[in-house]
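Student: Quick one: this structure, given as structure tokens, is what I'll be asking you about.
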Amino acid sequence: MSLPSGKKLLLLGFIAVLLVIIPLTVFIVQQQQKTQSSAQKSTTLGFNPSSTTVNVGDTVNLDIMMNPGNNQVSFVKLIINYDPTKLATASAGSAVCPAKPDDALCPNVVAFPSVLQGPVYGPGTVSVTLSIGGSPQNIVQTTTKIGTIAFQAIAGTDAAPTQVTFAGQTQVLSIASTDQFNENVLSTVNPANITINAATASATPTPTPAPTASPTPTPTPTPTPTPTPAPTASPTPAPTPNSQAPVCQSLALSGPATGTAPYTLTFTATGTSSASTINKVTFNYGDSATQDVTNSGGVGSNSVSVQTSHTYNGAGTFTATAVMTDALGNVSDTQSCTQTITVNATPAPTQLAQATPTPGKTLPPTGPDGKIMAAGVIGTILSVAGLLLFFAL
């Protein structure tokens, strides 16, 4: 058997090189496309101010700020957490959200004109979902205020401040042509630190009377003493116990007074007593449910701020009240702390449409890429040509 000629050996080597180069080329093209299609996790969320100090009873307004980084943001889902024993969402929000005074969270509808869901209030959490709508010109590419959230300080903090944070389910989506659908581009979240000073009564200084000059005595003739009748002792009235009732000052809600069943609210009752310590706070939720609190929120002192949560499972209008009882058995006025809660029936379930969190977003093609196909076709043609030359020679 004769050995193959030099030309045939050259062709065999050429074909072997092609068989190595073609798969390697396809792999490199795939890696480049994978890199180009990945969005950059460079978006950050935070609050302004990032830290503040207030007193119990003060309102704290926090702007929710977003720096999109290198992304083209079109969709934001915010889930904000806070400590409900230190803060409550403020509902008197005409200065915060003029369009909806009952909302503690006011979205920036100029930057995000489409409010897809919320705001939804729960114990220690607030959530809202926003979108730029169907107009690509609304894409957010610069540092932008997403909205403002208002809290009321209800209890003092200890050594460390209380924090307002973003939950792990918070999402930011980008609409750039190279981004993957539903890929979260959020990189960093920064909390807000709030130091709350407990309310302290300031001491009122007692004025010191100015010394009065003693008059110089004028000598007078000594009169003849006249017998003075012995004074009749008047009876000292027996002290009467202080029976002033405690005062319930306010009954605050963690969210709007209107919701859909099942609807959960956190109630905060604050009050004082000048006669004795407050030993019990009774909550009547108006739906035949009541609750006595005897061991939290300052109960056992002259000033209390008691929190409790309740879920309304049925529709209706309910009058919730808070009543305080002191150690002498005195009871606060039942009309001082009341709230009217309206609960709507749960709507019948409907078929959900396919979620489109980023309107106008073009999904990435699912078919084979043109570059990969071209590389494969060229490699096949060269391989066939090489084999034909091999057998021809």
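The values are calculated or read from the model by the stated rules, or taken from the named source; none is laboratory data. Keep in mind the model is a prediction, meaning the values are calculated, not measured. Note: areas computed on protein heavy atoms with side chains; ligands, DNA, RNA excluded. Shrake-Rupley method; radii C 1.70, N 1.55, O 1.52, S 1.80 Å.
Student: Leaving ligands, DNA and RNA out of it, rank 102, 58 by accessible area with a 1.4 Å probe, largest first.
Tutor: Working: 102 105, 58 60 Å².
Listed by decreasing accessible area, they come as 102, 58.
Student: At 1.4 Å probe size, what's the solvent-accessible area of residue 268? Round to the nearest 10 Å².
Tutor: Solvent-accessible area, nearest 10 Å²: 10 Å².
Student: How much accessible surface area, in Å² rounded to 10, belongs to the heavy atoms of residue 151 with a 1.4 Å probe?
Tutor: Here the residue's solvent-accessible area equals roughly 0 Å².
Student: When Rg is the radius of gyration of the Cα atoms in segment 294-347 and Rh is its Kirkwood radius, what does Rg/Rh come to? Can you show the working numbers first?
Tutor: Details: Rg = 14.6 Å, Rh = 13.5 Å.
Ratio of gyration radius to Kirkwood radius for segment 294-347: 1.08.
Student: While we're looking at this one, here's another question. Once amide H atoms are built 1.01 Å from N in the peptide plane, which residues 5 or more positions from residue 87, or in another chain, come under 5 Å H to H?
Tutor: Residues meeting the criterion, in which the H sits 1.01 Å from N, are 154.
Student: Name the residues whose placed amide hydrogens come within less than 5 Å of the amide hydrogen of residue 286, ignoring near sequence neighbours (fewer than 5 apart) on the same chain.
Tutor: For residue 286, the qualifying residues are 321.
Student: How large is log10 I(q)/I(0) at q = 0.18 Å⁻¹ when the Debye formula is applied to the Cα atoms of segment 257-321, each weighted equally and without solvent?
Tutor: -0.67
Student: Under the rule of at least 5 residues apart or a separate chain, name every residue whose amide H is placed under 5 Å from the amide H of residue 56.
Tutor: Under 5 Å from the amide H of residue 56 lie the amide H atoms of 197, 199, each far enough along the sequence or on another chain.
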